[in-house]
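Asker: My structure is below; once you've seen it, I'll send some questions.
The values are calculated or read from the model by the stated rules, or taken from the named source; none is laboratory data. What you are looking at is a predicted structure, and each value in this text was computed from that prediction instead of being measured. In this analysis, Cβ positions are derived from the backbone assuming ideal geometry, glycine residues included, and neighbour counts consider all displayed protein chains. Ligands, DNA and RNA are excluded from the accessible area calculation, which covers all protein heavy atoms including side chains. Shrake-Rupley method; radii C 1.70, N 1.55, O 1.52, S 1.80 Å.
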Amino acid sequence: MFLISVGTDLYGRKQNIKLEFPTCPTMTELINAVESQFDVMSRSSRPAGYPDTPFKVQTFQVYDDILLRWVDLYSSAQLTNGCQVFCFQPESIWHSDSQGIIPEAKDSVTWTTPVGSPRRARLATDAGVAPALSEKLRSVFYDIDHGNKGYILYSDLRTAFTKSDMDFTYATVGELFTVADQNRSGHITYDEWVRFAIQYPSVVDALFFRARDIQGSQSGGPYLQTQHPQPSMGGGLPQGSQESMRRAREDQLRGYYTQEWGSQQREQATLEYENAKREADSARLHKEMAESKERNAWDKMYYSPASPQNQYHN
């Protein structure tokens, strides 16, 4: 298992959760997981009067254990098992990141929803304060309980996750069902569902809002402090060794930044070349058309009965 703690600001409060991956994720996988998790958290904690907008990642920073400071995250090669990442959203009148203490990361069940999935959409009438947990518990339980049996089977839970387009990165539906089915009876009672929801509220929130939308469709930032103490340098390495490791890490990060900058420069240069080529082709075409028009006008003047040449011979 590869663990990453990811923090962010949601409505003026710092949040921090643990994300689980089978191996070190790519940047695309990390962004997808972060947006999937915090989008539900943002929706369930949105104050009245705030617009319900999807959670979007703008940039990341990761705390470097060698440099002992926050650095921009450009590559998944900078990620280590158990590292702390902070996610910055686009600035707006409704959101701004501020300095503050990042709380201890909370355990969570990590899932992703593919980009472009209709389950990332918003219900236009979704406004006001989010429903209370008790309301969401009842609503989700009775929605999952196919046939109104009074309990949830494994097939019911699997169908609900599939319908909500929730793909788990590490845990499986069977493992979650086992956690919820505490007495190993083969089904989840309402009391067991309540205990499961208290342990994994984000899962219930995701199912609630996804079901709500389905029904509706059918009808570089500031310095961030961590609450936990800064990690030591290998249990007390000599100062020279620490400086050497820091210089090596600076060189490594410089390589990441140079690679990223070089890629951006190449893309910009390619775009400028393509634009210049189009302008040159257009200019050549206009020049050819103008020359052809000039030749036609000259021929018309020279060979017409009224041309100077015909008047001279007559």
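Asker: Looking at Val85 and the list (1) open to solvent by 50 Å² or more (accessible area, probe 1.4 Å); (2) under 19 Å from Asp9 (Cβ atoms); (3) not in a loop (DSSP other than H, G, I, E, B), which single condition is not satisfied?
Answerer: Checking Val85 against (1) open to solvent by 50 Å² or more (accessible area, probe 1.4 Å); (2) under 19 Å from Asp9 (Cβ atoms); (3) not in a loop (DSSP other than H, G, I, E, B), the one that fails is (1).
Asker: Name every residue in segment 89-114 that is among the hydrophobic types (A, V, I, L, M, F, W, C) and either at pLDDT below 90 or open to solvent by 10 Å² or more (accessible area, probe 1.4 Å) (or both), in order of residue number. Please lay out each step first, then the result.
Answerer: Looking only at segment 89-114, we keep the residues that are among the hydrophobic types (A, V, I, L, M, F, W, C), and these are 93-94, 101-102, 105, 109, 111.
Scanning segment 89-114 gives Ile93, Trp94, Ile101, Ala105, Val109, Trp111.
Asker: Return the pair list, or none, for Cβ contacts closer than 6 Å from residues in segment 163-192 that are closer than 18 Å to Val140 by Cα to residues that are open to solvent by 70 Å² or more (accessible area, probe 1.4 Å) and in a helix (DSSP H, G or I), at least 6 apart or on different chains.
Answerer: Qualifying pairs under 6 Å: Val173/Arg158; Phe177/Tyr154.
Asker: Restricting to segment 127-155, and then to whatever is open to solvent by less than 20 Å² (accessible area, probe 1.4 Å) and more than 28 Å from the chain's Cα centre (by Cα), can you tell me which residue is nearest to Phe38 (Cα to Cα)?
Answerer: Checking each candidate, the answer is Phe141.
Asker: Give segment 130-162 a look and list any residue that's among the basic types (Lys, Arg), at pLDDT 90 or above and part of a helix (DSSP H, G or I), or say none. Talk me through it step by step, then tell me what you get.
Answerer: Taking segment 130-162 as the starting set, the residues that turn out to be among the basic types (Lys, Arg) are 136, 138, 149, 158.
Checking the rest, the ones that are also at pLDDT 90 or above come to 149, 158.
Across segment 130-162, the qualifying residue is only Arg158.
Asker: Follow-up. If you scan segment 161-179, which residues turn out to be open to solvent by 70 Å² or more (accessible area, probe 1.4 Å) and farther than 18 Å from Ser36 by Cα?
Answerer: Correct list: Glu175 only.
Asker: Can you spot a residue in segment 6-18 that is part of a helix (DSSP H, G or I) and open to solvent by 60 Å² or more (accessible area, probe 1.4 Å)?
Answerer: So far as segment 6-18 goes, no, none of its residues is part of a helix (DSSP H, G or I) and open to solvent by 60 Å² or more (accessible area, probe 1.4 Å).
Asker: Is it the case that some residue within segment 55-65 is of a type in the set (Asp, Glu), open to solvent by less than 20 Å² (accessible area, probe 1.4 Å), assigned to a strand (DSSP E or B) and over 28 Å from Asp213 (Cα atoms)? Reasoning before the result, please.
Answerer: From segment 55-65, those of a type in the set (Asp, Glu) are 64-65; that's our starting set.
Filter once more, so that each one left must be open to solvent by less than 20 Å² (accessible area, probe 1.4 Å): 64.
Adding the requirement that they be assigned to a strand (DSSP E or B) leaves 64.
Still in the running and over 28 Å from Asp213 (Cα atoms): 64.
So far as segment 55-65 goes, yes, one or more of its residues are of a type in the set (Asp, Glu), open to solvent by less than 20 Å² (accessible area, probe 1.4 Å), assigned to a strand (DSSP E or B) and over 28 Å from Asp213 (Cα atoms).
Asker: Turning to a different aspect of this structure: Would you mind stating whether Met27 is closer than 21 Å to Tyr200 by Cβ and either among the hydrophobic types (A, V, I, L, M, F, W, C) or open to solvent by less than 10 Å² (accessible area, probe 1.4 Å) (or both)?
Answerer: On the way: closer than 21 Å to Tyr200 by Cβ: no; either among the hydrophobic types (A, V, I, L, M, F, W, C) or open to solvent by less than 10 Å² (accessible area, probe 1.4 Å) (or both): yes.
So Met27 does not fit the description; no.
Asker: Now a separate question. For segment 172-204, which residues satisfy the criterion of being closer than 19 Å to Met41 by Cα and of a type in the set (A, V, I, L, M, F, W, C)?
Answerer: Val194, Phe196, Ala197, Ile198, Val203, Val204
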